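Structure record follows, encoded as structure tokens.
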Amino acid sequence: MTNYPLLDIFWTMLELFLWILWFFLLFKVLADIFRSHDMSGWGKAGWIVLVIILPFLGVLLYVIFRGRSMGQRDLEQAQKADAAFKQYVRDAAGPSAAGAAGHVDELARLADLKASGAITEQEFQRAKDKLLN
């Protein structure tokens, strides 16, 4: 360790970081190729062959030519995942199977009544306790 200077340690760490970053980008591009619905099967096969045979050039060309649509597909996937999660939360907290209003809806209605002055704080607390117990 005495013959390995500090600058070489930093250089080695930088190389390791760039190597990990490279693999992240490579797998991101491969996943995007398979996820792309606007590309034909032959187009996907061509990009995969290019990325596997000439990885640095293939990934660079893919990011240059399809980088913008790659970001749009990421955004669409994130929006779909967010919508699915919100729908799951709505279904889990929504009305019960018998058709009665769910706890969340009922609590929101009680809060609106309290905010408008239709019920007092004590009435709100009693109704909330009754609902939650």
Checklist line | Selection from segment 1-33 of residues that are at pLDDT 90 or above and either in contact with a helix residue (DSSP H, G or I) (Cβ under 7 Å, 6 or more places away or on another chain) or not in a helix (DSSP H, G or I) (or both) | finding: Leu25, Leu26, Val29, Leu30, Asp32, Ile33
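Take Phe56 and tell me if it is open to solvent by 50 Å² or more (accessible area, probe 1.4 Å), aromatic (Phe, Trp, Tyr) and more than 30 Å from Asp129 (Cα to Cα). Before you say what the answer is, go through the steps one by one.
Details: open to solvent by 50 Å² or more (accessible area, probe 1.4 Å): yes; aromatic (Phe, Trp, Tyr): yes; more than 30 Å from Asp129 (Cα to Cα): yes.
Against the criterion (open to solvent by 50 Å² or more (accessible area, probe 1.4 Å), aromatic (Phe, Trp, Tyr) and more than 30 Å from Asp129 (Cα to Cα)), Phe56 qualifies.
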Check: For segment 71-90, does any single residue satisfy the condition of being under 30 Å from Ile20 (Cβ atoms), at pLDDT 85 or above, small (Gly, Ala, Ser) and touching a Lys or Arg at 6+ places or on another chain (Cβ under 8 Å)?
Finding: no
Item checked: Residues located in segment 25-44, provided they are open to solvent by 40 Å² or more (accessible area, probe 1.4 Å) and either farther than 15 Å from Asp74 by Cα or hydroxyl-bearing (Ser, Thr, Tyr) (or both) -> Ser40, Gly41, Trp42, Lys44
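The values are calculated or read from the model by the stated rules, or taken from the named source; none is laboratory data. No experiment lies behind these values; they were computed from the predicted model shown. Don't worry about glycine lacking a Cβ; one is built from the backbone with ideal geometry, like all the others, and counts go over all protein chains shown. The protein model used for the area step is the full one, side chains on, heavy atoms only, and it has no ligands, DNA or RNA in it. Shrake-Rupley method; radii C 1.70, N 1.55, O 1.52, S 1.80 Å.
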